[in-house]
Amino acid sequence: MPDLEYIFNPRSIAVVGVSENPLNYTRIAFLEPLREFGYQGEIYPINPKVSEISGLKAYASILDVPGPVDHVICGIRASLTPQLMRECAVKGVKSIHLFTSGFSETGEEEGINLEREITNIAREGGVRIIGPNCMGIYCPSSGISFDSSFPKEGGNVAFLSQSGGNSIELVQLGAVRGIRFSKVISFGNASDLNECDFMEYLAHDPQTEIIIIYIEGTKDGKRLVSALKEAARTKPIIVLKGGLGDAGSKAVVSHTGALAGDNAIWGSLFDQLGIIQVQDLEELVDMVLPFQYLKPPQGRRGGIIGTGGGFGVLATDNCESEGLFVPSLPDEVRKKLREIIPEEVDPGTSVRNPIDLSGSGWNPEIFSQTLRTMTDYEGVDFLFIFTTVAFGLYRGTNVMIDMQIDTLIESKKSIDKPLVIVVRSSGDPEVAPLVSNVQERCLEAGIPVYPSTIRAARAMNKFIWYYEKRRGGFRDTF
């Protein structure tokens, strides 16, 4: 395990390239978050033209800082970085994050040579590099972030990203869905510290229980395989591989200068190691939720409960298309459900699976008894609940939605089967606050929330696949 604790817990940080201009990006993305997140170490703005920035004494260079500097964040242009790197080596800096771009990712000889030069200077001086061309580190427990809007609370999910932009968007997408992070690492061109170093570290990081990755390629395939094997033994790993097509693989080279590699080999590697592969950032977030909130299902059989016969049919199709099963219910279960929902009281209901509660779904007693009946039935392994907040536009129905969610949350306390809810919305802006409220309440109760049954079904399929692979053992041909 590489000793990288000093990167995530530096005693002091110098920010180079920050200015008095309130629109200066280095100031917005790196200096101000240190203060807003309550970073406890010393902060040193570096700018030779001013004496103070954001109430902090500014210094002309790293060498003018009176105390030790553990970590440097660099936001100056690429041509100035060799001199900065020499100063870092003299000062005894342990690590430097190069936000600066204009190196090997350009594909031009000048940028490639410049990256090689600063890397050599750093290695000779004992300085570790994150980047260049990246956003660096987000570590809430240490008060380090590259965006002031990120959650200040830490969590158990680590995100390793070759892309800076994707790292920002993923944290924002995850934050809305209740995900909190132990560490997020945007490592860009990986001229020094790379995906292998960080993967080896995260495999043993006690703060990290789930690892998600956006990777475009690697320069050391053998070592990466070894690092992934080590981490996959004890922690779920979810991967979004960029550069799957011909055009995408060419874009990878121009983005981070990495080699994309053969997609069939990547897919085979992930399959053999029990690593979940997803298709976009939204699915990365979708896949984290069951690992955070659910115990492993015993099988692939789902019980579907909701309001709306047509949507129940579509939900069934979605589940089956993703490799899940929606079994018919035996007569004794259907009879019990009919006692709960008499057809003469609500003729629009169906008790077959999917179960359409029709208007009775808003009745707390009927809803809770239906949940209990399906929980007790051993022929299903998990429950899919679907509801809609579109009705919240009609007078008084928001109260009905609240009652239904209250019932679900209370019932969940005694349900020992995995349960997810699909919260459908018309997309009307007036409904958005209600959607947000329902999602927040369900997540707080430990119920994963999805905007569609196809996304919920896809996540559950891969969640179940993961545990099937673990029970069956991994083949190791790499």
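Structure summary
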quantity	calculated
Checklist (1) surrounded by 15 or more Cβ atoms within 10 Å (Cβ to Cβ); (2) over 21 Å from residue 177 (Cα atoms); (3) without any contact (Cβ under 8 Å) to a residue 60 or more places away in the chain applied to residue 371, failing item	(3)
Which listed residue is on the phi < 0 side of the Ramachandran plot and touching a Ser or Thr at 6+ places or on another chain (Cβ under 9 Å), from 354, 330	354
Scope segment 84-111; condition exposed (fewer than 14 other Cβ atoms within 10 Å of the Cβ) and in a helix (DSSP H, G or I); matching residues	90, 109, 110
Where residue 314 falls short, out of the listed (1) under 33 Å from the mean Cα position of the chain (by Cα); (2) assigned to a loop (DSSP other than H, G, I, E, B)	(2)
Residue match in segment 166-182 (condition: crowded, with 24+ Cβ neighbours inside 10 Å and either modelled with pLDDT under 95 or under 18 Å from residue 4 (Cα atoms) (or both))	yes
Residue among 146, 187 that is touching a residue at least 60 places away in the same chain (Cβ under 8 Å), under 17 Å from the mean Cα position of the chain (by Cα) and under 30 Å from residue 118 (Cβ atoms)	146
Check on residue 312, modelled with pLDDT of 95 or more and surrounded by 15 or more Cβ atoms within 10 Å (Cβ to Cβ)	no
Tally, over segment 177-192, of residues that are on the phi < 0 side of the Ramachandran plot and touching a Ser or Thr at 6+ places or on another chain (Cβ under 8 Å)	9
Residue 250 vs. criteria assigned to a helix (DSSP H, G or I), in contact with a helix residue (DSSP H, G or I) (Cβ under 7 Å, 6 or more places away or on another chain) and either over 30 Å from residue 366 (Cβ atoms) or modelled with pLDDT of 80 or more (or both)	no
Options 322, 282, 332; residue that is within 20 Å of the chain's Cα centre (by Cα) and at pLDDT 95 or above	282
Identity of the residue in segment 344-377, part of a helix (DSSP H, G or I) and among the hydroxyl-bearing types (Ser, Thr, Tyr), that ends up nearest to the chain's Cα centre (by Cα)	375
Complete set of residues in segment 5-36 that are surrounded by fewer than 21 Cβ atoms within 10 Å (Cβ to Cβ) and part of a loop (DSSP other than H, G, I, E, B)	9, 11, 19, 20, 21, 22, 23, 24
Strands (runs of 3 or more DSSP E) (entirely within segment 116-231) containing at least 1 residues that are within 24 Å of residue 18 (Cα to Cα), in contact with a helix residue (DSSP H, G or I) (Cβ under 6 Å, 6 or more places away or on another chain) and not aromatic (Phe, Trp, Tyr)	128-130, 181-186
Residue within segment 236-247 that is of a type in the set (A, V, I, L, M), out of contact with any helix residue (DSSP H, G or I) (no Cβ under 7 Å at 6 or more places or on another chain) and at pLDDT below 90 present	yes
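Residues are listed down the side, and each one gets a yes or a no for (1) under 12 Å from the mean Cα position of the chain (by Cα); (2) farther than 30 Å from residue 114 by Cβ; (3) among the polar types (S, T, N, Q):
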residue	(1), (2), (3)
152	no, yes, no
157	yes, yes, no
161	yes, no, yes
174	yes, yes, no
177	yes, yes, no
202	no, no, no
228	no, yes, no
231	no, yes, no
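The values are calculated or read from the model by the stated rules, or taken from the named source; none is laboratory data. Computed from a predicted structure; not experimentally measured. As a convention, Cβ positions derive from the backbone with ideal geometry for all residues, glycine included, and neighbour counts pool all protein chains shown.
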